[in-house]
Every structure is written in structure tokens, then in C-alpha cells.
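Reviewing the structure listed below.
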Amino acid sequence: MLIMTLLGLGLTTGLHGSGCVPADLNGDEVVDGEDLGLLLANWAGTNPQFDINEDGVIDGEDLGILLASWGPSRIQSGVFPGSWINGASCSSEPDIQVHRYNDDFWILRQSLCTNFEAPFIYLLFGQDKVLMQDTGAGGIDISGAVYDVIDSWLQANGKESIELIVSHSHGHGDHVAGDGQFQGQPDTTVVGLNSSSVASFFGVRDWPEQIVEYDLGDRIIDVIPIPGHQSAHVALYDRRTGILFTGDTLYPGRLYISNFSQYTTSIQRLVEFTTDKPTCHVLGTHIEMSNTPGDDYPFGATHHPDEHPIQLGREHLVELYEALLAMGSNPVYEVHDDFIIYPLGAMASTDGCCDRPTTVFEFKRLHRRRMELERQARSRQR
Ligand SMILES: [Zn+2]
């Protein structure tokens, strides 16, 4: 029943009317003769509902994708909570919300009460390794929470130990602050922060063009370099759940872009990579918007009433890519229903502002300075 609900959502968001497997044209969780019949009935047409690779025509390429995904969907589904801890009650909310999406995929959300960035942290279990993406914004016992999840997974799977790989969506402070809690721990490897460390760990020889596979043991993760927000940014694609992890590059909030042309190329890389793959959810690392389309919380807010869900879909990736292309060489601030394009440093010429930051670090430094000045002004008034 839940799956039908999810498929229904897919329908309303325009994903070929079929949930997350593009070639499953009638959405019945199996790619078979019925889907082939639908494709052939629309052959050489342009109906986007049957245009699997979204290139404007239903042709042999779509047939190829359909045949390659023939058979029952092998995607493992899971559930999201109705809402996340959102800073509404700091006396009662835990420092970290630990959520089981399914047996082998866990989602952790750091409390807004501990840090306004409130990042998400992901744990993907294979047979030999568990991959942890990011370590949070600091000030919390993240390793305690993570090793607890690992212990319960080991018990459920009758295993003695598993290797923990701590890697990062990117190198910004709000995603790496807990690294020290893992360094030197048994069965634990912490991947370095700059692009060359990330590239050498995952075996990327041609950064950022090359996409590589990383095997957790019967679970392949595709590692996709996507610089633009930050130079060492990577996306992960989990073939088992069909989830694309986009870090700070795409999430329901302000997408700070440090290098616009790199960022656009990275989004193009993600669009192309996912063209022929099931993309059930797109998961970033923050929520900064409410359920009201286009509405973001003030920067630094520690309470998020009526928060937007963390999960986006491939249609958002495509919407973002088309918006970036339309901007061409003139990047501008642009509010969409479910994300906000925020090119750093690029807006001085359009809005006449004098101190537009050019990096995320600078943005946050300027913000802190403004907050401090406001605080001083308030205390002078008293
Ligand atoms: Zn971040």
C-alpha cells in the first residue's frame, strides 16, 4: 500500500508516471511486455510519459533502456519519518534523531538546538563495509550514535565486525566536525577532505570527469565528483535503494554556488548519469525551506516550523539544470518552489550590493559579523 502511495507521488511529479524506475511505464514494479507494448504504441512520438531518457523522442534508445531493466524492480524501498526534529522544543528533542529507512540504510539528523546547520548524516551498510557520509557540525556525540547503529546491525546480521568508512559529501566544517571522534578507532577509516584525498581513496584518476564504483560488499555505490559548491564535493548513487546523495549541491534550501561553471557542469553530470537509472529519491544534507513553496527560514534560524521534507526527486535535478542553463554566463539569485539558486559573488552587478560574499566561508563570516552587530545594537538599546 505504501509503495502505491509512493508511486502516486511519482505520478504527480511527472516521473514517467512510474515511481523511480524509468522503464516501468505502467508503474507495476516490473518491466515487462506491458511496458514494451506501451513504448511501441507510442513509437516515434513525443509523449513525455513514455520518453524514458527524456530526449524528446521515443526511439531505440528508450527501447535499449527498457530491455536493460527487464524484469522485477530490484530496488529496496524504505520509509521516511513524518517529520524530523526541528528545534521546536530543545528541552525534549534529542541531539541526534536516528531513523531507520530500511534494515541497511539509516539516516541521522543533527538537532537544530545543537547547531543551526542541522545537517543530515547517512549510513549505508554492505556486507563488508558501512559507508558513513559526513560527521556533522560538531558539539554532539556522533560516534556514540553511529557505533550504536552499527552494533545493532551486527547483532541483526550475526556478524562480529564491519569496517566503517567515514567519507564526506564535501569538506565544509558543518559536515566534517565530528571526524576526530572516528580517527584512530578500530575498523574505521576516515577519508581526507581535499579533492586529491577523495580522488585517491575512491580511485578517481580523472577528477572531476570520472565516475567510479565503490563496493561495500554486495552493494555498489557510484561516486560522482561534483565540484561547484566546494572543490572536493562528491555525489553518491546507491544502486540498491536508487537514492542519489547530493550533499550541499542540491537540497531543499539555499544552494550556495562558489564556482558557477563548475557547478553547472556537475549538475549536468548528475542529470546524464541518472538518465537511465532508477532515481527514487535525491537526498541532500540540509533543510532550509518550509512546506510553503519558495519560502526559506532566515539564515541561522534554530527553529524550522513546518519543514519541507528532506527528499527531492530527479525532476528537481532536471529543473535545476534547466534553470542554470537559462542563466548562461549571468548567474542570478533565483527562488524555486523547492530550492533556491544562490550564486555567491555573482550578484553584485545585478543588485548593486557592495559586500556580496564570494565563498560559503565568507558568507558565513559576514553573517556572523552582522549578527554580532545586531546583538550589540540591541544591548545598547537596553
Ligand atoms: Zn552544509
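All of the numbers you see were taken from the coordinates with simple rules; none came from a lab. Note that this is a predicted model, so its numbers are computed, not measured. Every residue, glycine among them, receives a Cβ derived from its backbone with ideal geometry; neighbour counts consider all protein chains shown.
Centre-to-centre separation between the Cα atoms of the stretch 322-344 and those of the stretch 160-230: 28 Å. Counted residue by residue at 0.36 nm each, then reduced by the alpha carbon distance between them, the extension gain from Met371 to Glu315 reaches 16.5 nm. As a ratio to 2.2 N^0.38 Å, the alpha-carbon radius of gyration for the stretch 227-318 is 1.10. Taking GluC sites (Glu not before Pro) that fall in a DSSP loop and have at most 10 other Cβ atoms within 10 Å as cut points, what is the longest piece of the chain between them? Between exposed loop sites, the widest span is 210-382. By the scheme Lys and Arg +1, Asp and Glu -1, what is the net charge of all other residues having a beta-carbon under 12 Å from that of Val234? Computed value for this residue: -2. Extent of the stretch 152-242 along its three principal axes (Cα atoms, max minus min coordinate, largest first): 41, 29, 20 Å.
Note on the chain: with charges restricted to the Cβ of Lys and Arg (+1) and Asp and Glu (-1), its dipole about the Cα centre is near 1680 debye.
Of Asp51, Asp24, the sequence from fewest to most neighbouring Cβ atoms within 10 angstrom is Asp51, Asp24.
Electrostatic bookkeeping for Ser195 treats Lys and Arg as +1 and Asp and Glu as -1; over the other residues with beta carbon under 13 Å from its beta carbon, the sum is -1. Taking every C-alpha pair closer than 8 Å and separated by at least 6 residues, the mean separation divided by the residue count of the chain gives a relative contact order of 12 percent. Here the spin labels are modelled as points 7 Å beyond Cα on the Cα-Cβ line, and at Ala323 and His303 they lie 2.8 nm apart. Per the Debye formula with a single identical scatterer at each Cα and no solvent contribution, what log10 I(q)/I(0) holds for the stretch 78-122 at q = 0.18, 0.30, 0.33 Å⁻¹? Values, matching the q order: -0.50, -1.09, -1.21.
Each principal axis of the stretch 138-199 carries a Cα extent, and these read 36, 27, 19 Å when sorted largest first. Which log10 I(q)/I(0) values, to two decimals, does the chain give at q = 0.10 Å⁻¹ under the Debye formula with one point per Cα? Here the Debye-derived log intensity ratios amount to -0.67. I'd like to know which of Leu154, Gly37, Pro278 lies farthest towards the positive end of the charge dipole of the chain, counting +1 on Cβ of Lys and Arg and -1 on Cβ of Asp and Glu. Result: Leu154. With coordinates expressed along the principal axes, the C-alpha atoms belonging to the stretch 45-98 extend over 59, 24, 14 Å, beginning with the largest.
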